[in-house]
Amino acid sequence: MATRILILGGGFGGFYAARELERIATMNSAQVTLVSDANFMLYTPLLPGVAGATLDPRHVVVPLRSQLRRTALVIGRVTGGDPDRRAIEVRRSDGEAVELGYDHLLVALGSVSRTLPIPGLAKHAIGLKTLSDSTALRNKVLDCLDIAESLDDPVQRREYLGFVFVGAGYAGLEGLAELQDFAAQAIELYPRCRAQGMRWVLVETRERIVPEVPPSLSAFAARELRARSIEIHTSTTLTSVTEREATLSSGERVPARTLVWTAGVQPSPAVGSLGLPLDDGGRIPTDRELRVLERPGVWAVGDCAAVPDPARSRHACPPTAQHAIRQGRLAARNIAASLEERPARPFRYRTAGVVAELGHNKAVAITLGVRWRGLPAWLIARTYHLLLMPGMGRRLRLLADWNVALLFGRDASSPGRLGSPTPLQPADGDETAPSVPRYLSADRAA
């Protein structure tokens, strides 16, 4: 019988592992199955571009079926696992529960937004982790401008013109920069809002923004944001949030109807249901060869795995796309090696560089130790994302979107939840309540 290789997760780690397994000639006798909650791989670093209306939502996803022709796809959510029986429980998109067996299991379930027990956070904040998050955020900004324009009271209008971002890492910085660019262009269509002006606030608990880059680049990024009248509050935390305002640890209350939470990530909740060992952060510990400790035939990569970092002793690799991609490829090769009774190779990748866009055609970047800022860094960032996107067709779509935005500006429309049908109104005597089909998940509905 063919060897059963089961991959959980269709993100960077799972996608590139499946593609590498298809490429390896010796895997012809293997049966590869990938379980994903959507039929696409989401290129998460481009979500700020979707929120900022420079990219079409369809152009930041890669259809799995078009890229993985020899991999069986199961669209559903992982609900549990039994390592002793080598079985995984999955609830398909139609609601049916199925059990999948395996000889080798690769866990690449990724991460979700990490939240804290802050009053009102879960109810009133928006994340920036999924496709639906980014489209909802864009729609929220336009809704706030529409409502503010209709109000006569400047105090009420101020609430709708306030925007708070909590977390100044890559996601928070790029999300804020793109969205502020978008709103600055859109507000020209709103005379009352333009006369009063918007307020943008960035809150970071650490001493400086984007601490992943050297202090000189962090300072450059801060200067660029402040030049656009964006307030930066470092060494500050969020203490509570309501529908109308955010309260900071400094005691300041910021009137705002929009609060975006980008303060870190945590492993997908499904990871805890697999019966595998977890570290204090909820990730699956692995050895340098990506094998899960004390579980033969089980491997883990990406944000949900605590893979030893070759660049930092006694630390796990950071949750970045560049690490997940290379871990996925290596896991595929090591699985193939184990089937052929060859030794597995350790993970040796060290971060080659970082990029963070700041809007206004500016960015900060590090490539092979060289520091870049301004327009050159922005060009490097765009080129990096263009080359990393799988498929020539997807790259051309990105290039077209970026050039259209540069020439004609950003589209200031609020299309709503694309993909969600409007329920039909029941006729007289029909008591059947309209419903949205179950197969429309949150991301695909975006």
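Listing for the model above:
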| read-out | value |
| --- | --- |
| Charged-residue dipole, Cβ positions (Lys, Arg, Asp, Glu), the range 1-147 about Cα centre, Debye nearest 20 | 220 debye |
| Cα gyration tensor category, rounded, prolate or oblate, for the range 307-406 with a/c compared to 1.5 | oblate |
| DSSP-loop GluC sites (Glu not before Pro) across the range 240-338, with at most 16 other Cβ within 10 angstrom | GLU243, GLU252, GLU294 |
| Potential extension, THR367-ASP411 segment - 0.36 nm per residue separation minus Cα distance | 12.6 nm |
| Shape of the range 104-186, Cα gyration tensor, a/c cut at 1.5 | prolate |
| With every protein chain in place, the range 5-145: carbon and sulfur % of accessible area (1.4 Å) | 48 percent |
| Apportionment of accessible area to carbon and sulfur, the range 219-362, percent (1.4 Å) | 46 percent |
| Residue-averaged 222 nm ellipticity for the chain, from DSSP H runs of 4+ at -39500 (n - 2.57), nearest 500 | -9500 deg cm²/dmol |
| Highest to lowest packing among 354-361, 308-315, 74-81, scored as the average C-beta count within 10 Å | 354-361, 74-81, 308-315 |
| Selection of trypsin sites (Lys or Arg not before Pro), the range 1-75, meeting DSSP coil and at most 12 other Cβ within 10 Å | ARG69 |
| Cα gyration tensor of the chain - equivalent ellipsoid semi-axes, whole Å, descending | 38, 27, 21 |
| The range 195-288: C-alpha gyration tensor shape, a/c 1.5 cut-off, then a/b vs b/c | oblate |
| Using alpha-carbon coordinates, inclination of helix 215-227 to the longest axis of the chain, degrees | 40 degrees |
| Accessible-area ranking of THR247, THR383, largest first, probe 1.4 Å | THR383, THR247 |
| FRET efficiency estimate (nearest 0.05) - Cβ-Cβ, HIS315 to ARG85, R0 60 angstrom | 0.95 |
| Accessible area in square angstrom per residue, the range 194-249, 1.4 angstrom probe | 47 Å² |
| Accessible surface, the range 71-160, averaged per residue in Å² (probe 1.4 Å) | 46 Å² |
| The range 43-89, dipole about Cα centre (Lys/Arg Cβ +1, Asp/Glu Cβ -1), debye to the nearest 20 | 260 debye |
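The values are calculated or read from the model by the stated rules, or taken from the named source; none is laboratory data. Note that the structure is predicted; figures quoted are calculated from it, not measured. As a convention, Cβ positions derive from the backbone with ideal geometry for all residues, glycine included, and neighbour counts pool all protein chains shown. Note: accessible area is taken over every heavy atom of the protein model, side chains too, but ligands, DNA and RNA are not part of it. Shrake-Rupley method; radii C 1.70, N 1.55, O 1.52, S 1.80 Å.
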